[in-house]
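The next block holds one structure in the form of structure tokens; read it before the comments.
The values are calculated or read from the model by the stated rules, or taken from the named source; none is laboratory data. Keep in mind the model is a prediction, meaning the values are calculated, not measured. Cβ sites come from the backbone with ideal geometry, for glycine too, and all protein chains shown count toward neighbours.
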Amino acid sequence: MLLVPTAMRGFAIAILSLGLHAFGDVPAPLLVGLVKVRVAARLTLTLTLTLTLTLTLTLTWLRTHSRPAATPARRSTAVTAGRSPRHAAMLTARYLCSTRSAAPLPPSKRGSG
């Protein structure tokens, strides 16, 4: 735009926009349609097989190379099966607290219960 005088810049932008649309937006769907008709029929099977093979190999690789995350010690699922997640978590926490060998609280620190 620096090549155009200041007074003519609006007109230059309008002509540029008209040229872009006339040579870009208007013939683009026609050209894409022609290319699709001529090329896509031959490449459809090749692309489908290539994408299927790539996806299969990727998922297989991810499955064999992924490691499960470390899980904390949990109470047997037989006890928590069929329970809500909150109730199962409470039972697991109660079980973990009961298996630790903690020193009892002195009488002055115990609650009145």
- request: Answer yes or no: is there a residue in region 61-74 that is at pLDDT 75 or above, in a helix (DSSP H, G or I) and surrounded by 10 or more Cβ atoms within 10 Å (Cβ to Cβ).
  value: yes
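Is it the case, given these coordinates, that Ala88 is small (Gly, Ala, Ser), surrounded by 10 or more Cβ atoms within 10 Å (Cβ to Cβ) and either assigned to a loop (DSSP other than H, G, I, E, B) or at pLDDT 75 or above (or both)?
No, not satisfied.
From the set of residues in region 1-44 that are hydroxyl-bearing (Ser, Thr, Tyr) and either in contact with a helix residue (DSSP H, G or I) (Cβ under 7 Å, 6 or more places away or on another chain) or surrounded by 10 or more Cβ atoms within 10 Å (Cβ to Cβ) (or both), which is modelled with the lowest pLDDT? First the steps, then the outcome.
First pass over region 1-44, keeping only residues hydroxyl-bearing (Ser, Thr, Tyr): 6, 17, 44.
Next, only the ones that are either in contact with a helix residue (DSSP H, G or I) (Cβ under 7 Å, 6 or more places away or on another chain) or surrounded by 10 or more Cβ atoms within 10 Å (Cβ to Cβ) (or both) stay: 17, 44.
Details: Ser17: 91, Thr44: 76.
So, considering only residues that are hydroxyl-bearing (Ser, Thr, Tyr) and either in contact with a helix residue (DSSP H, G or I) (Cβ under 7 Å, 6 or more places away or on another chain) or surrounded by 10 or more Cβ atoms within 10 Å (Cβ to Cβ) (or both), the one modelled with the lowest pLDDT is Thr44.
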